[in-house]
Structures are given as structure tokens and as C-alpha cells.
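All of the numbers you see were taken from the coordinates with simple rules; none came from a lab. Worth saying up front: this structure is predicted, and the values here are computed from it rather than measured. Cβ coordinates were reconstructed from backbone atoms using ideal geometry, including for glycine residues, and neighbour counts include every protein chain displayed.
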Amino acid sequence: MSNQQSTDIPGNASCQPELMAFLTPHMDKLNSHRQEFEKAATLHSHLVEQLATLTKAADAADAEAEQIRGRRREAMRESIGRPSKKVIDLSADQRAAYAMAEDYRSLANDITIERDRTEIAMHKSALQFNERRKTIYAALADHLLDKAFTVLPLELMAGMRLTADVQVGDKGSVWHQTPYGAANPDIETFVVNKVAARLLSHFKQRKHSLEELLPANLVAPLSRSGYGGLSHLQIKKLIDNLAAQEQATASE
């Protein structure tokens, strides 16, 4: 059997069933937050496209109105200041073009509010996703540590006992003391600290990737960057600002 570390897709390795059994009950909420975010992100993209289309249409209507205005002024000069049918028709066309531009911009304002509302929904879902994932990580860390401490190698425990013996010196061996270290709390602390120092060095040198152990839908980021960093208070401010914007629009 090869000693090369597995690069299989997370969750497919043969050593994963127990881990997946632990994670599965925790993943439903996380997946729900991801789905809510993705749904809001899709709607947000659609609204952004609509807003761009309406803005472009409003600008085009404004440009058309200005062109008509130029033709109307020329028609007025040709009629020596007397409003002809051509001038009246061009005036009506100009007003219609300006009205159309105004309608487009009014619709764009409504779309802007919906876009901002959807963006808030994305921030909320991203925050809930990150909080849920942090909770899962904490539970998983405890689970993995508990599992690791049930299978500590004999070599580690024996090495700790021998390290304690060296510190005891002429006072006698602690190898057969039960419970270990009860009569030597200072020695016990020394041994644990020494092991902890070596463990810290090992931890810094070996950069294990979570992707090698955890399921993809747990470690994979959300589809868009820039979301999930706002606090509950910051999101509340966005909601309050949107409410003020809606009130201002309704009073116009």
C-alpha cells in the first residue's frame, strides 16, 4: 500500500464514513444558508442586468428628446415663429421622449431598491453561513481531539513517563506511580509543557489542508467574494438605510 497522502474528493476516502456520520446532522442548516445565498445571488445578478438595461434606455430616450428638440427649434425658425403642425408634432414627440426617460428612471429606482434588498439578503445568508460553519468547526475540532486522545500511541505515553523519570532523579522512578503524577504535580506540568512545545513545532511545520479531510460543501467558499464580513449591526444599518430610501421614494 502506498504511503502517498490521498487526494481523493473529500468524503470519498475509505476513512471518511465515521467523520461523515458525525457531520451529516450539522450540514443541513449550512447547506440551507448556502442555497439561500445562491438564490439571492442569482436574483441580484438579474436585477443588476435589468438596472443596466433601464439606465441605458433612459439615456437613449434623453438623447432622442434632445435630437427632437433640435429639430423642433429648426422647424420653428422655418415657420418664422408661428407654431406649425410640424412644430406641434415635434413638441409632442419631445415630451413623450422625456416622459419615457423619466419612466425608465423611475423603474430603475425601483429596481435599485430591490437590488439593494437582495444584496442585504446575500449579506445575511453569508453571515449565517459563516457562523454556522464556525459552529461546525468547533464541534468537529472537539470530536477529532476526543477521537485522537482515545488512540494515543504507547510510545507517546512511555516517552512522557521516561521524561518524568529523568526529572525525578534520585527521588525514585514515577513509572509505577498510580495515578501518574499525583505525587509530582510540578514534574507532570514540566512533561506536558515539553510535549506541548514539540507538538507546537510539529503543528507549525505541517500545514494540513482541511480539503483533504472535510466534505467539499463544508470548506468551499460562497460563489461570490466580499460577502460574510459584515456584522449583525452593519447589516441592520443597511436595512435602516434601505427603509429610508423606500420612504423617500414613496413620498416623491
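General observations
- Hits among aspartates and glutamates - C-alpha to C-alpha of Lys29 under 18 Å, sequence gap 8 or more where chains match: Glu38, Glu131
- The magnitude of the dipole of the range 101-145, with charges of +1 and -1 set on the Cβ of Lys/Arg and Asp/Glu and taken from the Cα centre, is near 340 debye.
- Within-10-Å neighbourhood charge of Ala75 [Cβ basis; K, R +1; D, E -1]: +3
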